[in-house]
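The structure appears right after this line, and notes come after that.
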Amino acid sequence: MKFKAVLFALIVSSALGAEAPLLKDEFLPTTFEGRRAMRGEWKFAEGSATCTQDDALFKKNKDHGPILFYDLAYTDAAIHFAVKPDAANKTIVFTANGKEGHVFRVVFTRAGMGVRAFPPDEKDHKSISLGNEKAVVLKADAWTKIRVELRGSKATVKVGDFVKTYEHASIARAKANLSVGFSYGTVSVTEMVVDK
């Protein structure tokens, strides 16, 4: 009996000691502090956010499509989310931004996944390629879980069963927000959680 009491106490104390996420968006039809849904008419229902690109807005925004921004100060974090593009979708982009601009980006296209860093000393804040993964293509009309873990100069990207770590000194910079955007078609986003 004592063993069960001790085991129960350990389980409760570890559960209470677990840190709450830095951000958890349940995509309810109400507003969410720190989230900015832009460049399109986003619908929030059944635990997800969905938007269809408006071509006139796309042109007005200099070929930038709908986007969800999350204002959140962090340096190291694990960002989890899932996306579901339709067959007309051409790109989905995850970006971690600092106060001065982009820090790290993952771009999904029909040709695969590109991973980019943005060294602050690059003229015009140009990006550099950290990798191109032709085998990592998002399936149309299916949910794909994505995890981006930023720790110091390393970024570990997990997409389905694919996992790879990329490294560049510029990734270690402080971040001010993160975003998930896309171009063309309709995209749904769900399960947005940011852990320390």
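Summary of the geometry: region 17-90 and region 147-166, compared by the centres of their Cα atoms, lie 20 Å apart.
Any chance you could run the full-extension gain for VAL163 through TYR184? It's 0.36 nm times the residue separation minus the Cα-Cα distance, nm to one decimal.
Working: separation 21, 0.36 × 21 = 7.56 nm, distance 2.67 nm.
Residue separation times 0.36 nm, minus the Cα-Cα distance, leaves 4.9 nm.
Taking only DSSP H segments of four or more residues, each worth -39500 (n - 2.57), what value at 222 nm results for the chain once the sum is divided by all its residues, to the nearest 500 deg cm²/dmol? Walk me through the intermediate numbers first.
Working: 2 runs with 22 residues, N = 196.
It lands at -3500 deg cm²/dmol.
Of the peptides 60-68, 160-168, the order by per-residue mean of other Cβ atoms within 10 Å, starting with the highest, comes out as 60-68, 160-168.
How do the peptides 51-57, 139-145, 102-108 rank, highest first, by the average count of neighbouring beta carbon atoms within 10 Å per residue?
Working: 51-57: 15.6, 139-145: 13.0, 102-108: 22.1.
Going from most to least packed, we get 102-108, 51-57, 139-145.
Comparing mean-square fluctuations of ALA77, ALA176, ALA88 from a GNM of the chain with C-alpha springs under 10 Å, the top value falls on ALA88. Protection proxy ranking of 127-135, 147-155, by the mean of other Cβ atoms within 10 Å over each peptide's residues and highest first, is 147-155, 127-135.
Share of pairwise Cα-Cα distances greater than 28 Å in the chain is 29 percent (whole percent). With respect to the chain, whose longest principal axis is taken over its alpha-carbon atoms, helix 2-17 is tilted by about 30°. Cross-link partners of LYS154 among aspartates and glutamates, defined as those whose alpha carbon lies under 13 angstrom from its own and excluding same-chain residues fewer than eight positions apart: ASP76, GLU167. For the pair LYS24 and ALA73, the difference between a 0.36 nm per residue extended length and the Cα-Cα distance amounts to 16.2 nm. Cross-link partners of LYS62 among aspartates and glutamates, defined as those whose alpha carbon lies under 19 angstrom from its own and excluding same-chain residues fewer than eight positions apart: GLU41, ASP54, ASP124.
Only the coordinates and a few stated rules stand behind these numbers; no lab work does. Computed from a predicted model, the values in this text were never measured in an experiment. Counting neighbours? That spans all protein chains shown, and the Cβs are built from the backbone with ideal geometry, glycine included.
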